[in-house]
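Peer 1: Mind having a look at this structure? Questions to follow.
The values are calculated or read from the model by the stated rules, or taken from the named source; none is laboratory data. Bear in mind that the values here come from a model prediction, so they are computed numbers and not experimental data. Positions of Cβ are backbone-derived with ideal geometry, glycine not excepted, and every protein chain shown enters the neighbour counts. Ligands, DNA and RNA are excluded from the accessible area calculation, which covers all protein heavy atoms including side chains. Shrake-Rupley method; radii C 1.70, N 1.55, O 1.52, S 1.80 Å.
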Amino acid sequence: MSQIAVDDSIDSSLASEAPSPMAVALVQLALACGGFGIGTGEFAIMGLLPNVANTFSVTTPQAGYVISAYALGVVIGAPGIAVLAARMTRRSLLLLLMGIFAAGNILSALAPTFQSFTVMRLITGLPHGAYFGVAAIVAASMVPVHKRARAVGRVMLGLTIATLLGTPLATFFGQSLDWRVAFTSVGVIGLVTVALIWYYVPRDQVADGASFLRELGAFKRPQVLLTLGIAAVGYGGMFAMFSYIAGTTTKVAMLPESMVALMMVLFGVGMNAGNVIGSWLADKSIMGTIGGSLVFNIAVLTLFSLTASSPIMLAVCVFLVGCGFAAGPALQTRLMDVAADAQTLAAASNHSAFNIANALGAWLGGLVIAWGYGFAATGYVGAVLSFLGLFVYFASLRLERSSRSA
């Protein structure tokens, strides 16, 4: 069933002739470049909040509202754009989305007031989820079915490399020169991506019968909702831990503040390793990769809470929690399988689900800290969320088995 769903969604212009390996690689590079820009822009602000606060004469917690504004843009933009743009070709939609992203970052750098800056961050977040969703569909449509997850993983590699390279560089130059330089640079990356997509992504056609009503039909499919539930709940644990890694590093492991940056690098290395390994595993077994990663997260997050006072174990656990991103390509590919003829909305909504996981994990982790259980307890919160995600996973498996038997 899954192969039929994917094959039916491939535009005739792409399916009529097999692209060369070089053409496929250039398309993946172009799409990954956009992911690199999005990841850099999303995470760099976290290290530049004090600078933004000083510019606009607000407190750092108030400046943090711009992070929430961006996340809100992702959550509402992914499904909204996917539905409204149902009659656009995927290439045209990718160009539009990256154009909005580039303009949003450049205008963020030019924002004269905190209010206008916040609005621009919300607008910049709108194309985030839809871009990754459409990019994943395009990348998967250009390779054999048994290599789809790896193609999706290469697109998402731009996002994971951003956590390791793009974000630290943008933060460094933003702090050394001006935070506006960081956002201008991200805008330039967006413009470069527009050019790459224009030159390398092949022209396609709108699928027969495409409409916003057909896209909305994705949310009528139980397996789509269950897969999004796995992402929204099960992977909140990663964010519950990582949102408070600075406090855990300095107040539990008693390391100097300078070591926080090292922990962030280790997390980024783990995300990249997880993305590569998880993509390969997902092409062997999508559901096996998702379920295995949830069990892996439960064990690692529990170990994190038990050993966070040890600097060495803290570093090991941070790396391993980052490896939990192995499920990212699997979840993206799973959504393309179960969405049938409404793939754009389903694939785009995956990133809305991960942003919900981000908000849920950070909120619950903060509650546990406020209740006096300490920073290390965020790992237990994460383990519980991963355990709940496992329940949703088994519900999805049961539904799939019952459908096959029927």
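Peer 1: State, to one decimal in nm², a quarter of the convex hull surface area for the C-alpha atoms of segment 12-92, i.e. the direction-averaged projected area.
Peer 2: 7.6 nm²
Peer 1: Still on this structure, I have one more. Kyte-Doolittle mean at least 1.6 and Cα extent at least 24 Å along the axis: which DSSP H helices of the chain qualify?
Peer 2: Result, helices passing both filters: 65-84, 286-307.
Peer 1: Would you indicate which of (1) 115, 52, 33; (2) 89, 47, 45; (3) 59, 51, 36 is the value of Cα extents along the principal axes in Å derived from the coordinates of this structure?
Peer 2: So the structure-derived entry is (3).
Peer 1: Using every alpha carbon pair in segment 247-406, what percent of pairs falls into each 5 Å bin from 0 up to the bin containing the largest distance?
Peer 2: 2, 9, 14, 20, 21, 14, 9, 6, 3, 1, 0, 0
Peer 1: Give, in whole angstrom and from largest to smallest, the semi-axes √(5λ) of the equivalent ellipsoid of segment 42-170, with λ running over the eigenvalues of the Cα gyration tensor.
Peer 2: Ellipsoid half-lengths, sorted descending, are 30, 17, 11 Å.
Peer 1: Can you find, among Val181, Ala359, Val260, the residue farthest towards the positive end of the dipole of the chain? Put +1 on the C-beta of Lys and Arg, -1 on that of Asp and Glu.
Peer 2: Ala359
Peer 1: Heavy atoms of the protein only, probe of 1.4 Å, neighbouring chains included. What is the accessible area of Lys251 in Å², nearest 10?
Peer 2: Near enough 140 Å² of accessible area.
Peer 1: Which value in deg cm²/dmol, rounded to the nearest 500, describes the helix-derived mean residue ellipticity at 222 nm for the chain, given -39,500 (n - 2.57) per DSSP H run of n ≥ 4 and division by the residue count?
Peer 2: -26000 deg cm²/dmol
Peer 1: Can you give the relative contact order of the chain as a percent, counting alpha carbon pairs under 8 Å and 6+ residues apart?
Peer 2: 26 percent
Peer 1: Bin all alpha-carbon pair distances of segment 275-366 at 5 Å intervals from 0 and give each bin's fraction as a whole percent.
Peer 2: The percentages, shortest bin first, are 3, 13, 17, 21, 20, 13, 7, 3, 2, 0, 0.
Peer 1: By average Cβ neighbour count within 10 Å, what is the ranking of 227-236, 170-179 from highest down?
Peer 2: The peptides rank, most packed first, as 227-236, 170-179.
Peer 1: Show the residues, 5+ positions off or on another chain, whose built amide H is closer than 5 Å to the amide H of Gln205.
Peer 2: Close amide H contacts, sequence-distant or interchain: Ser12, Ser13.
Peer 1: Next question, about the same structure. Return the FRET efficiency for the residue pair Thr59, Tyr373: r is the Cβ-Cβ distance, R0 is 41 Å, and the value is rounded to the nearest 0.05.
Peer 2: Computed FRET efficiency for Thr59 and Tyr373: 0.95.
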